[in-house]
Amino acid sequence: MACIALASTAMVVITIIIPYGVFMRYVANSAASWPEPAGILMMIVFSFIGGAAAYRANAHIAVGTVLNMVNDTNRRRLQFAGDVGMGIIGVFMVKWGVQLVQAVWQNSIAEFPWLSVGVTYTPIPVAGVITLLFCVERLWLGQPPADSFTFRDQPQTDS
């Protein structure tokens, strides 16, 4: 739920600051330099943290057509392979994300001189760790329960 809240907050911030930047540039004729880079930073948070939440909710990009064409045994095998593949992607994000953060830590963003570029890339390895945790959860415990907060936008059946 924290991933969903963080990604949602980033999206709300984007929807506030981008129109503000457009208003300042074209209506007030006094362009603000910070809304665009701030929007990009929020999009990084939204994309990576929201992507981890989408994986847990099974809302990620999947090849459903292939899964629907095979029998149950092969479907489980393909789903297992997909989860292992996501785990490998999570390891990739952690390993090279940390290296990226370390490589650019001393640099700063022109519009935000107090903010390290490394901080802006921190969502990559953090999302990698979260994705790995969700992979372990799915491989060890199976799919999250249908009454999980993650699935609350889907129709619920009374048991």
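Things worth noting here:
- Ala59 part of a loop (DSSP other than H, G, I, E, B), of a type outside the set (S, T, N, Q) and within 29 Å of Val12 (Cα to Cα): yes
- Odd one out for Ala7 among (1) touching a Gly at 6+ places or on another chain (Cβ under 6 Å); (2) under 18 Å from Phe112 (Cα atoms): (2)
- If the condition is being in contact with a helix residue (DSSP H, G or I) (Cβ under 9 Å, 6 or more places away or on another chain) and outside any helix (DSSP H, G or I), then region 12-32 contributes Ser30, Ala31, Ala32.
- When we screen Ser8, Ser30 for residues that are among the polar types (S, T, N, Q), under 12 Å from the mean Cα position of the chain (by Cα) and farther than 19 Å from Gly142 by Cα, the only hit is Ser8.
- Meets criteria (surrounded by 14 or more Cβ atoms within 10 Å (Cβ to Cβ), of a type in the set (Val, Ile, Thr) and in a helix (DSSP H, G or I)) for Ile88: no
- Screening Pro145 against (1) at pLDDT 90 or above; (2) closer than 21 Å to Ala57 by Cβ leaves a single unmet condition, (1).
Conditions tested, residue by residue: (1) in contact with a helix residue (DSSP H, G or I) (Cβ under 8 Å, 6 or more places away or on another chain); (2) loosely packed, with under 14 Cβ neighbours inside 10 Å; (3) free of Cβ contacts under 8 Å to residues at least 40 places away in the same chain; (4) of a type in the set (Phe, Trp, Tyr).
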{"residue": "Ala52", "(1), (2), (3), (4)": "yes, no, no, no"}
{"residue": "Arg56", "(1), (2), (3), (4)": "yes, no, no, no"}
{"residue": "Gln79", "(1), (2), (3), (4)": "yes, no, yes, no"}
{"residue": "Val84", "(1), (2), (3), (4)": "yes, yes, no, no"}
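- Region 16-42: number of residues that are closer than 30 Å to Cys135 by Cα, hydrophobic (A, V, I, L, M, F, W, C) and crowded, with 16+ Cβ neighbours inside 10 Å: 2
- Test result for Asp72, on the phi < 0 side of the Ramachandran plot, loosely packed, with under 13 Cβ neighbours inside 10 Å and either of a type in the set (Asp, Glu) or in contact (Cβ under 8 Å) with a residue 24 or more places away in the chain (or both): yes
The values are calculated or read from the model by the stated rules, or taken from the named source; none is laboratory data. Since the model is a prediction, treat every value here as computed from it, not as a measurement. Cβ coordinates were reconstructed from backbone atoms using ideal geometry, including for glycine residues, and neighbour counts include every protein chain displayed.
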